[in-house]
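For reference, the structure is listed below as structure tokens.
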Amino acid sequence: MATLETDTSATLRKQTPRRILGSIGLYLTVAVVSLVTIFPVYWMMISAFQPSKYIMHFPPPLLPQELTFYQFAELFGERPVALWLRNSFLIATMTMLLCMALSVLGAYALSSLRWTGRNLFGLFLLITQMLPEILILIPLFVIYRRLNMLNSLLSLALIDAAFILPICIWILKGVFDNVPPEVLDASVVDGCTELGALWRIVLPLSAPGLAAVAVVAFFFAWNEYLYAGIMLSSGQYMPASVGLSTLKAIAQTPVEQYMAAGLVFSVLPVAFYLSMQRYIVSGLTAGAVKG
Amino acid sequence: MSELAGASGRAGRPNQSETSPRARRRRYLLPFALVLPIVLYEGLLIVYPIAQGIYGSFTRIELASKNPPVWVGWDNYERMFSDPAFWKVIQTTLLFTALVIVVALSVGLFTALLFNRPFHFRPVARGMLMMPWAIPEVPVVMIFIWILSPQFGVVNILARLLPGVTQNPQWLQVPELAMGWMVLISSWKAFPFYSLVILAALQAIPQELYEAAKVDGANPLQLFWRITIPSIGTTLELLVVLAAIFSFKQFTIIFLMTGGGPSGATETIVIRIFNTAFRFYDYSYATALGVAGFVVSLVVAFFFILMQARRTQEAA
Amino acid sequence: MSDHDVRQQNEARSLLNRRDFLRNATALAGIGLLAACAPAGQPDAESGSAAPAVSTGKKQQVRYLSWWFDEGNRGETWLNFVTEFNESQTEIEVVPENIPFDQYTTKTIVGAQSGQLDGDIIMATPELAPRLIQADLLVPLDDVLTRNNITDLSSAHDALRKEGNLYGLDMVTVAFGILYNQQRYEEANITPAKTPDEWVEVSAALTNRDEQKYGFFATHLVSEASDFWFQLEEWCMPYDGIWAEGKTPLLTSDPIIKGLKLFKQMYDVAMPQGADNPTGYRLFQTGAVAQGLYVSAAVGAFTKDAPELYPLLRSAPIPWESNKSIARIHPMMINKDSSVIEEALEFVTYMYKPDNYRRMVEGCQDVIFAQPSAARQEYLDNLEWLKPGFSGVEYVTPFDIVGDFVFNFNEFGQIVITNFADVLNAGKSVEDAMEVAQKQAEELAERIS
């Protein structure tokens, strides 16, 4: 990445007319693509920060006419949004931790060790990943009720982690694959055990991969809607994805309050992503590069 | 697809010959010890319920009754295969999945190529581009329902610019339009992830390849087809499978936006399963549909695995 | 306008939640994480529930499941009654648990399907009730009537009996009527319609699409399936038809076809097409939509939601000859698997004491009394919108109009709305669409018999 950034100035310096035209085209394309991509988000913000009289009008003004914040106060005052967010946060955090721990084990076994059954294990993961979650909703519900595990955030996190774990292992395996074998060999010669090598050599080198796993697992659990709606029957455990969809069904929620809720719900994952962006790019993609 | 199945992992290191038998045994058992918790975990929460689900599909479960399920053999499957609605759902599912793969991956590839070129503000633009991936699905649904509202939706401003459009179209009430929007919205949500992965693959292509080809007088289009695409081929294949899995399982967006309508135009198998189980309360039949969905995705995945295996063979 | 649109949130409850949140947020940093996620029953988790904090820990707990504890005046009224009851008892504590309406049916059915109902006392919708009764999951409640000396009970309860036993007691009846915005009628110089045809004319006259004025709104999106069917079921009334008789669906019968054609006409001339339920509701709030078929329970909610609209609300007489409309009952039931049946009965008995029952209905601003003698004329006279649209109407229940499909109400409805949507969106004729629907409904009948 760094090398490309330094290229920028070098390329931009040689300005023949064709190049200028080309770069205008490039910037225009980038602008259009970014605009189209970001517009729905912009529109959510516009709708959240204005009184609904502007937005409930056709054609709606494209630029904000008036900024207000009362809808956020009303939202938090009238709905248990803080509780929803807390539940979502706990579920997502637990899912994330669980996935990070288990995917390290699985990825290491898939990537760095040779053993019979490795391919079988890979296939096993692939198959669990392909299953439409809804197929096992009722069997899981029955099992959970028998074990008295309904209405617990941890129980839901266990399910979420089970669904997203294969992908996490796959991401991390790609990253582990990129650790040069010589480094590992050297460490073993130095008297490290296999596990010691994982802990001391592979993991530190794979921090970005772990970050990617964290984000992917967190997003999945933060997003999850179907299971959260069924497994957590009591309102006090309701996560934000379900809470928000109940707002959708409540007709009298004012538009601006409704959009404000969507915005509030999006802030955390977006911030999480932005703070991790640097690592994710290298982490998520190591596997892909390896191909 | 062997990448995903783990077959092409890095070869293990040669064993040290001077290790003790005990250490060797420990080394032999280590991978199993590492994998065991995962297999148990996935086994308990995924595989066992799948088995239960498959069993359920051969029974008739009376609603809200204490009677044990009755074994009915292939009844549910016979009903499924003779149900024209089932075949329509399969069609819709495949169409939706294929369209999302094409749209999301094309946009992902296009933006990756774009962002592989140097320009000012690239980090900012990339941050913006990734936004849809970070926004959770329920807010995405909320935004788009509002944007597409026939009364107040902002997209109508654009639509009205088209010749002949004097009324705001009912975006989600016309079968073709609704399907189009489901594909667009799902792709909008998914493409940043694919773009990111493709971008990394692009950046791993050695620049010398391009330099050498340019010396040979290749034009940009040739560079693209002869160097870029082959170099990221495996990545693209992998993403096709991932995109297929993800879009096949897409539930929240379709369920909350159209519920499968209008006229079943967006009723994919996942939606159908939900409706059958929770609107028709026909649980046994729903599990049979679920098994069918599972089988379809297995077939698709194995097709890719086979393809990959053949290519690896050819290469060798 | 369905049951759950009538909800609002309970201020007290969200305060509790906020406090709960702050406390837990501080615990988040480390070890507190798991503790905060422990299953229900731990003291920490309990403080977040909707229950008034009167727990002594020694009383026998009775879990009462409903969707309405966060519905404005209805929620407040019920929570007050629970507190009142708990304070009067030394041995019993009723614990209210709120489940959002749009998940309530699904969750109950999932529970029932896995063989066991959740909760001790449960509220049911008219769709859910017969299902639970048929599956034999409930306790007979005849005792409640004996203990309270109740002799006059609405005839709607007939549907809640099985083999002579009564399994549910109606707590809320909501009825459909035409509600309109008086200001919009006056501006357009309109008087309420007397026939279906006049009704279409009136609605058309109230519509000006360019100015975003609409004469009428009803939910009509398949994505809002339960609301759509909930409202559409009323449309067998204009020509005095029924949707099914016994196991025979009557979807191609004349009154149904005509009723659906009427809906289509209204859709064409007066409705904001493609608008979802929330949009329709908002348009009614702002006056852009002039009238709608609303359930009486919704009107009470307007007092809080739309205080500027409420004084303008009036009801129009039912514009069809039969003067029939649908009333939906919501019975309270007791789970057969409960370990505290006697205690649960105690609470139901308390709520059905005529005096308590009347206070409850008035507190919720409902207008139809399951114990007719409990009604107080003075209270009814004060509601300006009540007459004539919600008064003197002949009410029928969903049980009267869908025959045996009452046990498969949602499935039946799904068939009707999916096919009817083809009429609205795909230009199919009502006759063709209902012919398909009829076949599908017949198949359904075969399957469930």
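The values are calculated or read from the model by the stated rules, or taken from the named source; none is laboratory data. Computed from a predicted structure; not experimentally measured. Note that we place each Cβ from the backbone using ideal geometry, even for glycine, and neighbour counts take in every protein chain shown.
In segment B:64-77, the condition of being surrounded by 19 or more Cβ atoms within 10 Å (Cβ to Cβ) and at pLDDT below 85 is met by at least one residue.
Here's the yes/no breakdown for (1) out of contact with any Gly (no Cβ under 8 Å at 6 or more places or on another chain); (2) away from chain B (no Cβ under 11 Å); (3) buried (at least 23 other Cβ atoms within 10 Å of the Cβ):
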| position | (1), (2), (3) |
| --- | --- |
| C:62 | yes, yes, yes |
| C:76 | no, yes, no |
| C:88 | yes, yes, no |
| C:124 | no, yes, yes |
| C:134 | yes, no, no |
| C:142 | yes, yes, no |
| C:146 | yes, yes, no |
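The set of residues in segment C:238-284 being hydrophobic (A, V, I, L, M, F, W, C) and within 14 Å of chain A (Cβ to nearest Cβ) consists of C:275, C:283, C:284.
Scanning segment B:100-145 for residues that are closer than 29 Å to residue A:20 by Cα, facing chain A (nearest Cβ under 7 Å) and among the hydrophobic types (A, V, I, L, M, F, W, C) turns up B:114, B:119, B:125, B:128, B:129, B:130. One residue is enough: does segment C:56-67 have a residue meeting the conditions part of a helix (DSSP H, G or I) and among the polar types (S, T, N, Q)? Within segment C:56-67, none of the residues are part of a helix (DSSP H, G or I) and among the polar types (S, T, N, Q).
Among the residues making up segment B:220-236, those that are touching a residue at least 12 places away in the same chain (Cβ under 8 Å), within 14 Å of chain A (Cβ to nearest Cβ) and within 12 Å of residue B:210 (Cα to Cα) are B:228, B:231.
With segment B:146-252 as the region, which helices (runs of 4 or more DSSP H) entirely inside it contain at least 1 residues that are within 30 Å of residue C:210 (Cα to Cα) and in contact with a Ser or Thr (Cβ under 6 Å, 6 or more places away or on another chain)?
Details: elements: B:155-161, B:175-203, B:207-215, B:220-223, B:229-248.
Once the helices (runs of 4 or more DSSP H) in segment B:146-252 are filtered for at least 1 residues that are within 30 Å of residue C:210 (Cα to Cα) and in contact with a Ser or Thr (Cβ under 6 Å, 6 or more places away or on another chain), what remains is B:175-203.
Just one residue in the set A:110, A:147, A:137 is at pLDDT below 90, within 9 Å of chain B (Cβ to nearest Cβ) and either under 30 Å from residue A:233 (Cα atoms) or surrounded by fewer than 23 Cβ atoms within 10 Å (Cβ to Cβ) (or both); that residue is A:137. Looking across segment B:142-162, just one residue is surrounded by fewer than 23 Cβ atoms within 10 Å (Cβ to Cβ) and under 23 Å from the mean Cα position of the chain (by Cα), and that is B:145.
Of the residues contained in segment C:174-183, one or more are found to be more than 25 Å from residue C:227 (Cα to Cα), in contact with a helix residue (DSSP H, G or I) (Cβ under 9 Å, 6 or more places away or on another chain) and at pLDDT 90 or above. Considered as a group, the residues in segment B:259-312 that are free of Cβ contacts under 8 Å to residues at least 12 places away in the same chain, at the interface with another protein chain (Cβ under 9 Å from one of its Cβ atoms) and assigned to a helix (DSSP H, G or I) include one that is surrounded by the most Cβ atoms within 10 Å (Cβ to Cβ), and that residue is B:277.
Of all the criteria given as (1) β-branched (Val, Ile, Thr); (2) surrounded by fewer than 24 Cβ atoms within 10 Å (Cβ to Cβ); (3) in a strand (DSSP E or B), the one not satisfied by residue C:242 is (3). Residues in segment C:176-200 that are surrounded by 15 or more Cβ atoms within 10 Å (Cβ to Cβ) and either in a loop (DSSP other than H, G, I, E, B) or acidic (Asp, Glu) (or both): C:188, C:190, C:192, C:193, C:194.
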